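Enquirer: Before I ask anything, here is the structure I am working with.
The values are calculated or read from the model by the stated rules, or taken from the named source; none is laboratory data. Predicted model, so just to flag it, every value in this text is computed and none were measured. Cβ atoms come from the backbone with ideal geometry, glycine included; neighbour counts cover every protein chain shown.
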Amino acid sequence: MQFNIRLHTFALHSPITKESTMKMNLLKVIFGFLLLTGFTGLKAQTVPVTEGNEGKYKPSIYGTYYDAKRSFFESMPNDSNEIIFLGNSITDMCAWNELFGMENVKNRGISGDVINGVIDRLEEVVSSFPKKIFLMIGTNDLARKRSVDQILTDYEKLITLIIQKTPKTQLYLQSVLPTKNQTTRNNNDIIEINKGINALANKYSLTYINLFDLFKTPENELNMDYSYDGLHLNGQGYLLWKDAVIEYVVK
């Protein structure tokens, strides 16, 4: 606001000359640059600010999108018999309640999320003591150069926490999907991760859903009939996913 006042003062009390016009244009350029680079002191608020915490928001290590989605989820009331799809962008990008025609199906996917990100927001997920949780997570951990062993260690920590916090919830472990042309997400590593997830399902008497084989080509790559970028799914991909899990959703 102070900058705008000074601009108006300059315009009112200075004769309109070629030189003054150039100065005005220069000031506008500088002001625009300051807005873009964040040096105006004005910060975008991407999540609601709590009382007494105005202006103190700092993004978490997972980023502002994660923070905004987490805040939204935490602001929503719990329903009875919730069926939760939990994961990263591959989960986030689907309208699960519309896909299944069931209002108690909830989307708890956050684009870019990793296993520890899910652990950090787990309290909201389990607060309703959901009827079922369908978990798919791990591909972003691999992209962040976590080893297969590290990923499986984190994964086991996550599922044991879910079991401890909401023991009556039916937990379904969905395999990590194959990829295509994703150099940081090698399909051989994904196969090893899925073997580990399957072993964890057996260890904890959980249901493992092998989506990898459903979406793969003979070369163990993501079938591009179901994807637009070699990582995320298109509409046909979500319909295929629905067909693979609907028996577990509705039973």
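Enquirer: So, of the residues in the stretch 204-238 that are touching a helix residue (DSSP H, G or I) at 6+ places or on another chain (Cβ under 8 Å) and assigned to a helix (DSSP H, G or I), which turns out to be nearest to Ile84 (Cα to Cα)?
Expert: Tyr238
Enquirer: Take Glu219 and tell me if it is of a type outside the set (A, V, I, L, M) and within 23 Å of Val125 (Cα to Cα).
Expert: Working: of a type outside the set (A, V, I, L, M): yes; within 23 Å of Val125 (Cα to Cα): no.
No; evaluated as a whole, the condition is false for this residue.
Enquirer: Follow-up question, since we're still on this one. For the stretch 142-152, how many residues are surrounded by fewer than 18 Cβ atoms within 10 Å (Cβ to Cβ) and in a loop (DSSP other than H, G, I, E, B)?
Expert: 3
Enquirer: OK, next. Let me spell it out: the conditions are (1) over 8 Å from the mean Cα position of the chain (by Cα); (2) at positive phi; (3) surrounded by 14 or more Cβ atoms within 10 Å (Cβ to Cβ); (4) not aromatic (Phe, Trp, Tyr), and Ser71 meets all of them except one. Which number is the exception?
Expert: (2)
To keep it simple, each residue is scored yes or no on (1) in contact with a Phe, Trp or Tyr (Cβ under 7 Å, 6 or more places away or on another chain); (2) of a type in the set (A, V, I, L, M).
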site	(1), (2)
Ile115	yes, yes
Lys131	no, no
Met136	no, yes
Thr139	no, no
Arg144	no, no
Ser147	no, no
Ile151	no, yes
Glu156	no, no
Ile159	yes, yes
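Enquirer: Continuing with the same structure: Filter the stretch 215-241 down to the residues that are charged (D, E, K, R) and surrounded by 13 or more Cβ atoms within 10 Å (Cβ to Cβ) and list them by number.
Expert: Of all residues in the stretch 215-241, those charged (D, E, K, R) come to 216, 219, 221, 225, 229.
Scanning the stretch 215-241 gives Lys216, Glu221, Asp229.
Enquirer: From Thr160, Thr139, Thr166, Thr179, grab the single residue that is surrounded by fewer than 20 Cβ atoms within 10 Å (Cβ to Cβ) and more than 23 Å from Lys251 (Cα to Cα). Quick ask: steps written out before the conclusion?
Expert: Working: Thr139 fails: surrounded by fewer than 20 Cβ atoms within 10 Å (Cβ to Cβ); Thr166 fails: more than 23 Å from Lys251 (Cα to Cα); Thr179 fails: surrounded by fewer than 20 Cβ atoms within 10 Å (Cβ to Cβ).
Being surrounded by fewer than 20 Cβ atoms within 10 Å (Cβ to Cβ) and more than 23 Å from Lys251 (Cα to Cα) holds for just one of Thr160, Thr139, Thr166, Thr179, which is Thr160.
Enquirer: Additional query: Given the residues Ile110, Ile90, Ile133, which is the only one that is buried (at least 22 other Cβ atoms within 10 Å of the Cβ) and touching a His at 6+ places or on another chain (Cβ under 8 Å)?
Expert: Ile90
Enquirer: Test Asn88 against the stated conditions and say whether it is touching a Gly at 6+ places or on another chain (Cβ under 8 Å), modelled with pLDDT of 95 or more and in the same structural domain as Leu173 (by TED's automatic domain parsing). Give the derivation first.
Expert: Numbers: touching a Gly at 6+ places or on another chain (Cβ under 8 Å): yes; modelled with pLDDT of 95 or more: yes; in the same structural domain as Leu173 (by TED's automatic domain parsing): yes.
Spelling it out, Asn88 is indeed touching a Gly at 6+ places or on another chain (Cβ under 8 Å), modelled with pLDDT of 95 or more and in the same structural domain as Leu173 (by TED's automatic domain parsing).
Enquirer: Here is a further query. What residue, of Tyr172, Tyr155, is in the same structural domain as Phe85 (by TED's automatic domain parsing), in contact (Cβ under 8 Å) with a residue 40 or more places away in the chain, buried (at least 16 other Cβ atoms within 10 Å of the Cβ) and assigned to a strand (DSSP E or B)?
Expert: Values: Tyr155 fails: assigned to a strand (DSSP E or B).
Just one listed residue meets the conditions, Tyr172.
Enquirer: Can you say whether Asn198 is touching a Phe, Trp or Tyr at 6+ places or on another chain (Cβ under 7 Å), assigned by TED's automatic domain parsing to the domain that holds Val105, closer than 20 Å to Ile115 by Cα and surrounded by fewer than 18 Cβ atoms within 10 Å (Cβ to Cβ), as far as the supplied structure shows? Reasoning before the result, please.
Expert: Numbers: touching a Phe, Trp or Tyr at 6+ places or on another chain (Cβ under 7 Å): yes; assigned by TED's automatic domain parsing to the domain that holds Val105: yes; closer than 20 Å to Ile115 by Cα: yes; surrounded by fewer than 18 Cβ atoms within 10 Å (Cβ to Cβ): yes.
The answer is yes for Asn198.
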